[in-house]
Structures are given as C-alpha cells and as structure tokens.
Amino acid sequence: MGVAFSNSNSKLIIAGLGPGSLDLLPPRVLALLQESRYVYLRTAVHPVVADLERMGVKFQTFDHLYQQAASFEEIYQEIAQTLLQRLAAGQSPLVYAVPGHPLVAERSVQILLGQLDRPEVEVVPAMSFLDALYATLKLDPVQGLCVLDGLRLNEQSLDPAQGVVITQVYSRLVAGDIKLFLLEHYPPEHRVTLVQAAGVPGRERVVEVPLAELDHQDWLDHLTSLYVPPLPGQKPRRYPLDPLVQVMADLRSPRGCPWDREQDHASLRRYLLEEAYEVLAAIDSGDMYNLCEELGDLLLQIVFHARIAQENGHFDINDVVRGITEKMVRRHPHVFGDVQVDSSRQVLANWEKIKAREKGVREQELSVLGDIPWHLPALLLSQKMQHKAAKVGFDWPDWRGARDKLREEMGELAQALEQGQDRRVVEEEAGDVLFAAVNLVRLAGVSAEVALLASTRKFVQRFQAVEQMARSAGQNMADCSLEQLDQWWEAVKQTQKNEK
C-alpha cells in the first residue's frame, strides 16, 4: 500500500522505532519504512531492526560514525549535517528513524529541528523507552520523576526527593561515572534498579542492587537504563535555582547583554559589596518587602560569579550549593550526628575544631587569628579579630577595662596632635583610638559596624532636616553662622527624641 503524507510540503519525516518490540512499532511508522525510497536509521543496534530486515525494508545507518567521531555530540552534528545535505540534493521525502520516541533523549533530532522550519519536517511519534520503563517498574511520572542523560550528568541536577531515571547506562565505565555522581546525593546502600531492554519480550531484565554495586554488572548495554527511587524523608525542592541560573547563562551568551558579558570576578567586587550593604540597610529598616528584594539582588551576584567560574571550567552553582550544604552538615554534628552539646559556646568551639581538621591543621598549630579576611571593612574586621582573641581569654573582664583603655588611647592621640607629630604617628594613634572604641562597643554587646551605620544614617537625617529649616527661613545654609546651625541641630534632636 502507498503512504499518504499528511503534509505535502514535508521534506523530512522523523519517526520513532519504539522501545524495541515489533508489536510496539506504530503501523504508520512501519508503512513509512516499507514505502519510502530514502530511509536512514541513526543506528541498526536496536531489537526491531532485525525484524525490519526480514520484512525487506531497505535503509542506511550512521553506525560507522560511532567508530570515527571523538564524541557523541560530534556524531549527532555529523548525522544532522548529512541528512540536511541529502535533503538539499533532492532526497525527499526522507525518513530518519531513531530508537524510541523521536523527541525523547534524541540529540540528533533536536539539532535537526533547530535548523529546519516547521513546514519542512514532520515528526511521527512512537512509544518511548520511558513508557516501557514506567510499565515495567509500575511508575507514575506524575508523582514526580526526573530524567537525566547518563553521559551529561555534570550539566544537570537532580532532586533526591523525586525518583530519577538515568539513560544511556551502556557500559560499566559509564555506570562507574554515574555511581560517583549519585554518591554525592545518596548513601552507598541506597537500592537502585537497572532495566535492560524494557518492553522487549524475551530480552527484558530487571535487577535491583545497592548503589555501591552499580558498576559491578557485566551485562550493561545500549538498552540499559537506571531507576533511582526517592530518598526516604526528603522533601521536594520547591524553589530551584535553575530559572535564575538559566537567565544568567542567557545574559552571558553571545546573544545576551554586552555589559554582562564584559564582567569578570574582579569587576563585580564593588557590586557584591554594595548589594551586601543594601541587605543590611533593609534589615535595619525592618522593611521585609525590601529585604526580600535585596536578598534577591545579593543572590544574583552569587549566581553571576558561579556562571563566570563555570565558563572558565572551575565550578558551577551546583558545586557551590553542594559544598555549603555538605559543610553545614559536617559542622553541625550535634544536629546531623550523635555529638552532644550544652551551649552555643560549645557549638562554636566544635566548629573551630572541625574547621581545623578540614584544613589539615593540628589543633595546637592553629592560630586563633588565622584566615584573616583582610577584604572586610576595617571596622568589621577589627571587631571580628577581637572576638576571635576573646575566645582564648585575651580580653578585658568587662567593658570598664575597655573604657579605660579608650581614654588612654585618646590621650595619646591628643598628645601627638599637640606635639605636631607627623602624619604617620597621628595615623597610628588614631587607629589605636578606633580599635579601642570598637573593643568597648563589642564588650557592650553591640556590633560596631551596625552602630556606626545607624549613627551615620541618623546624622544624614538630622543634617537634611537642618537644610530644610534653613530653606524655610529663606537662608542659604552655607551663609548661616555656626551658632544658628547648632540651634537648629538641637531643635531637630529634640523633635526626634519627642517622636520616640
């Protein structure tokens, strides 16, 4: 019988061969294969192909490319290029048949669809290997299922709270790589299921093994997939970073934003600092809507840096999230392990010990003031260093000792000024005054950074109020006497106190 094409303008017909059984091959696909003059199979290594040969179907394959190309991506690009050349040479309509469903895990098809206009291509569906896998394992994908390509795991992410299907587990070597990837998310004893030739009568095999033994099987082939059930007790990830990560990838792409493409880690330093301070300002204001927005801006900076690192082959956002997650679990053995603690002080002591072990430093060799973050603002850095020193008892008994030290340092600064000492001496004495002031503030239980920011903000508010009073009086503030400005200043202070 002849084939009636649904679209007379179709030049390329992409068809699926189903999971491998002849009785699961759609009649429409079988008719196309039997009646078409130009038939190409991605590969003849598929159970249904032997049946097609017995039925007299004539075809060409691209199996020779698998022996020549350096990568699968190169193979798929070559297949697409060859088919496009054959179409241009007049081979039309041309049938290209692939295992399973043509739109499921078929990279060559995606390449073709990206280069052809819709009227020039027709997709004829077939049962996917996933459909056969669902039937074999009695899975309902609506309950939550993630499908990953076993050859591109580093480009994908998974959620242990959902079931995971991994395709192309075609050798022990690939299985070994997959095992190492999964061991970052699951315990070695987690039970996983290998399925070979799902839906193919007489060839289907289902074997459940511990994850640690995944690569011990010697029968893996191109028809083998892996099912990883959800981890018990895990909650689904409701807010993945993937959409934001993709937006950043698009911004950095050749078709993206010129400004974003020009940035590097160094050029972004100022923006990271600005966004962090804007988060602090939002916290101080108590405006939760603004805090939500500012936290998003800060998160964008993190994703930005991770994207740049990924482009340079260093790490990606998944490594960032995985690293901090594992670190928090390691450093909280009193929550995720069997360590007992009685106070937050003990928690901090354990934290430092664990941190030292992670860095391979013996506790007696670890400097209390090691890992100094010199990039911090001076005020914040000084309080951090004082806090570290206080952990080993290098501290005043209470704020009174720090107060006396501040008075001493202020006297030395005044003396240096009165004696006309050079700038370096004055600078050193001024630094001692500031350091002593930070110490006093710390012992009072206050953050010097937060306190100074609040005072600066208060100064700005009062100064602007004085400016307004000068304008209301019809005067230029620069022409007012200091006495007049001081009167207005005190009036503003009193008004603010009354409002409180």
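The values are calculated or read from the model by the stated rules, or taken from the named source; none is laboratory data. Keep in mind that what you see is a predicted model, and the values were worked out from it rather than measured. Ideal geometry is used to build each Cβ from the backbone, glycine not excepted, and the neighbour counts take in all protein chains shown. Each accessible area value is taken on the protein alone, full model and side chains, heavy atoms only, with ligands, DNA and RNA left out. Shrake-Rupley method; radii C 1.70, N 1.55, O 1.52, S 1.80 Å.
Brief remarks follow.
- Among 60-69, 380-389, the order from most to least packed when residues are scored by Cβ within 10 Å on average: 380-389, 60-69
- Overall, the ratio between the Cα radius of gyration of the chain and 2.2 N^0.38 Å, rounded to two decimals, is 1.47.
- Listed peptides 271-277, 222-228 by packing density, highest first (mean Cβ within 10 Å): 222-228, 271-277
- Accessible area per residue for segment 1-107, computed on protein heavy atoms with a 1.4 Å probe, is 48 Å².
- Exposure rank, largest accessible area first [Val192, Val460; 1.4 Å]: Val460, Val192
- Under-5 Å amide H pairs with Gly256, H placed in peptide plane, nonlocal only: none
- Over the Cα atoms of segment 149-279, the radius of gyration divided by the Kirkwood radius equals 1.14; this is the Rg/Rh ratio.
- Between amide H atoms placed 1.01 Å from N, distances below 5 Å from Thr61 occur with Leu41, all of them 5 or more places distant or on a separate chain.
- Peptide ranges 32-44, 135-147 listed from the most packed, as the mean C-beta count within 10 angstrom indicates: 32-44, 135-147
- Placing +1 on each Lys and Arg Cβ and -1 on each Asp and Glu Cβ, with no other charges, gives the chain a dipole about its Cα centre of roughly 840 debye.
- Residue-wise HN-Hα coupling along segment 335-349, computed from phi with Karplus coefficients 6.51, -1.76, 1.60 (Hz; x: Gly, Pro): 9, 9, x, 10, 6, 9, 10, 10, 7, 5, 4, 5, 4, 5, 5
- Phi-derived couplings, Karplus 6.51 cos²θ - 1.76 cosθ + 1.60 at θ = phi - 60°, listed residue by residue for segment 427-432: 4, 5, 5, 5, x, 5 Hz, with x used for Gly and Pro.
- Carbon-plus-sulfur accessible fraction, the chain (probe radius 1.4 Å, protein heavy atoms only): 54%.
- Taking all protein chains as they are arranged and a probe of 1.4 Å, the heavy atoms of Glu490 leave approximately 90 Å² accessible to solvent.
- Cα-centre dipole for segment 184-265 with unit charges at Cβ (Lys and Arg positive, Asp and Glu negative), debye to 20: 400 debye
- The smallest convex shape that holds all Cα atoms of segment 367-472, its convex hull, gives 152 Å³ per residue.
- Magnitude of the charge dipole for segment 218-356, about its Cα centre and with charges confined to Cβ atoms of Lys, Arg (+1) and Asp, Glu (-1), is about 420 debye.
- For segment 84-171, taking the reciprocal of the average inverse distance between every pair of different Cα atoms yields a Kirkwood hydrodynamic radius of 15.4 Å.
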